[in-house]
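Working notes, structure below.
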Amino acid sequence: MSTMNVSLPDSMKKFVDEQVAQKGYGSCSEYVRDLIRKEQDREKMRALLLEGAASPLSGVVADQAYFDGLRARIRQWAGADSASSATAREPTPADRKPTGRR
């Protein structure tokens with residue numbers, strides 16, 4: 001693991017020390033690593049959202065009927081899961097059929 005020295009104003013150093021103490025981090029380095037991981041996750045999520053926004057429409061309309069059907073399939077799956085967990089499975093993409101309504 002590489003080492004990096006960071007200079008902070010006293011107020012920021014105090015803030016970091018407080019976060020370490022309050023949130024149970026083992027060290028300032030652990031806190032900073034966690035911040036960096038969260039920022040990486042945020043950037044990844046932003047990229048996925050932008051990719052999705054730029055993609056062509058799939059023809060699936062997420063209207064009330066779509067969500068009603070989705071809820072019904074989930075209830076059916078949950079009922080099958082509680083009735084027989086050995087044969088139940090999670091829904092797959094093939095289970096998610098568009099309603100075709102606009």
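What follows is calculated from the coordinates using simple rules that are stated; it is not laboratory data. Just so it is clear, the structure is predicted and the values come from calculations on it, not from any experiment. Heads up, the Cβs are rebuilt from the backbone with ideal geometry, glycines too, and the neighbour counts pull from every protein chain shown.
Tabulated data for the structure shown
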read-out: Exclusive hit being under 24 Å from residue 1 (Cα atoms), in contact with an Asp or Glu (Cβ under 9 Å, 6 or more places away or on another chain) and assigned to a helix (DSSP H, G or I), set 20, 32; value: 20
read-out: Those residues of segment 45-85 which are of a type in the set (Gly, Ala, Ser) and not in a helix (DSSP H, G or I), in sequence order; value: 55, 58, 59, 62, 84, 85
